[in-house]
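What follows is calculated from the coordinates using simple rules that are stated; it is not laboratory data. Since the structure is predicted, the reported quantities are computational estimates derived from the model, not experimental observations. Cβ coordinates were reconstructed from backbone atoms using ideal geometry, including for glycine residues, and neighbour counts include every protein chain displayed.
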Amino acid sequence: MARLVIRNVSVLVVPEEGECRVDEAQDILVEDDRIVAVAPTGTHAVQTTDPAAPSEVLDGTGLLAVPGLVNSHTHSPMVMMRGAAEDLAIEDWFNQRIWPMEVNLTPERVRVGARLACAEMLLGGVTTFVDHYFHTDQIAEATVESGIRADLAPTFFSSAGEQAVSNAFETTRELAQRHPRITASLGPHATYTVTDDDLRRTADFARAEGLRIHLHAAETDDQTQASLDKHGVTPIQVLERTGVLDAGALVAHGCGIDADDLPILERYAGTAVASCPKVYLKLAMGEVTPIKALRAVGVDVGIGTDGAAVHNTLDVWEAIRMVALTQKQREHDAEWMTLSDTLRLATRGSAAAAGLADRIGVLEPGRQADIVLVDLSAPHNQPLHDPRAALVYSVRASDVVTVLVAGQVVVRNRRLTTMDLAGVLADARSLAHTLVDLSAGGAVQHYAP
């Protein structure tokens, strides 16, 4: 049995309700991949009489332990397109840049991008990412190599044909058995790119295999109105009538969820929504995710970055900050989305969005040892009147010192232990130009919701 103790560290405590708090001078005992005890430094709860254990002691003095961050919705290999589609409306972003670029995808390019994404996320304290993309087997390879945790959903469009849909289903089934740190979801792209028949087929397969569904729906008010105009129903009503909500779904964005959708969502306990607010601002999409209304009907909400082709970073700290700010603005209420509510969304909420509410999201005995140690001593965090405020409004990815995933140290003293970062960066730089080249013509899809 491998044992590790983090000594004399402050710990962020996130209850299911009420105020979050920081307990100072704590020891965290990890055995294999799980947290065994969290108790005041020096107490018997984290002592061991085995002279061969613990195998490692980490000094947490001056650091704050937080649950590993979860990126609730992203397209990790799109880091290769970072900065290549700027200052565009959403239609042109898809039709003139992104979907024409994705004609250039190959397994190697996806693997190289996924390795870079995993490196960036781990160094920033992200221990789990919920991914939706192509060549997902290559993303799985990067996941295993880097030591991160992931839920992977192979993306498909109905326009690619029946065999492509079947292949995506089979890939999902294989990924679900791939590695203990990998879970898998079915990945239809969106309600406007996948037919009702294929959504029903997806829901049937999900129920039969015990899988969830991760897709885009009601991303904007315009999409919702287009669905009403064309089909007489909202995208959320499409998900209900096709059985997707009944099977269990993670809905990306949901900015176009309207009041009539809320009673529907309330009926389906397995539904969650991922909010990525920087994207909505950058693409001038209109409203942001209606988190207050969703939480009022019991829908779990997680925080994500979407792909770096639009978000530019995979920095979940930045996304957390954006959620707090945009929600206050949306509701015209400075007292809404408090520090505790924001931290709970970023931890418990994002764990639930990933389908891992019983495994990650809090630092408690029995949970997976996904732990991030943050240094709040830098000038941008000082003076430290409230560490919770620093976590929401001040912390940067560079403040992350040490990261554990499933009890393994994957970042030590701000350096990756699992991958050669220089090699990861060199590979990405050598291939990036091949992905953004538009000379081949064509596109994987056309955006016309």
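Take the Cα radius of gyration of segment 21-145 and divide it by 2.2 N^0.38 Å, N being the number of residues; the result is 1.51. Principal semi-axes of the equivalent ellipsoid, √(5λ) from the alpha carbon gyration tensor of segment 264-387, are 22, 21, 15 Å from largest down. Calculated on the alpha-carbon coordinates, the convex hull of segment 315-449 measures out at 201 cubic angstrom per residue. Computed over the Cα atoms of segment 78-203, pair by distinct pair, the Kirkwood hydrodynamic radius stands at 15.4 angstrom.
Principal axis analysis of the Cα atoms in the chain yields extents of 66, 47, 44 Å, listed in decreasing size. Computed over the chain, the per-residue total of -39500 (n - 2.57) for DSSP H runs of n ≥ 4 gives a 222 nm mean residue ellipticity of -9500 deg cm²/dmol, rounded to 500. Rg and Dmax over the alpha-carbon atoms of segment 208-263 stand at 11.2, 34 Å. The modelled label-to-label distance for the pair Lys292/Leu262, using points 7 Å beyond Cα in the direction of Cβ, is 1.0 nm. Relative to the longest principal axis of the C-alpha atoms of the chain, give the angle of the C-alpha long axis of helix 316-331, reported between 0 and 90° and rounded to the nearest 10°. The helix 316-331 is inclined about 60 degrees to the chain.
So for segment 200-325, what percent of the C-alpha to C-alpha distances run longer than 26 Å?
Values: 1590 of 7875 pairs.
That fraction is 20 percent.
Take each peptide in 394-405, 309-320, 126-137, count the other Cβ atoms within 10 Å of every residue, and average; sorted highest first, the result is 126-137, 309-320, 394-405. In order along segment 442-449, the phi-based Karplus estimate (6.51 cos²θ - 1.76 cosθ + 1.60, θ = phi - 60°) of 3J(HN,Hα) comes to x, 7, 6, 6, 10, 7, 7, x Hz; Gly and Pro are listed as x.
A dipole drawn for the chain from +1 and -1 charges on Cβ atoms has a positive end, and of Leu425, Thr289, Ala84 the residue lying farthest that way is Leu425. Protection proxy ranking of 181-192, 421-432, by the mean of other Cβ atoms within 10 Å over each peptide's residues and highest first, is 181-192, 421-432. Evaluated with a Cβ-only charge set (Lys, Arg +1; Asp, Glu -1), segment 312-382 carries a dipole of roughly 120 debye about its Cα centre, given to the nearest 20. Think of each Lys and Arg Cβ as +1 and each Asp and Glu Cβ as -1; about the Cα centre, that makes the dipole of the chain roughly 700 debye. What do you get for the angle between helix 421-436 and the principal long axis of the chain? Use alpha-carbon atoms, 0 to 90 degrees, nearest ten. Tilt relative to the chain: about 10 degrees. Remark: relative contact order (segment 124-174) = 36 percent; criterion is Cα-Cα distance under 8 angstrom and separation of 6 or more residues. A full extension of the chain between Val22 and Asp196 corresponds to an added length of 57.9 nm, given 0.36 nm per residue minus the alpha carbon distance.
Spin-label model, Glu108 to Ala284: label points 7 Å out along the Cα-to-beta-carbon direction sit 4.0 nm apart. Dipole check for segment 357-449: with +1 at the C-beta of Lys and Arg, -1 at the C-beta of Asp and Glu, and the Cα centre as origin, the magnitude is about 120 Debye.
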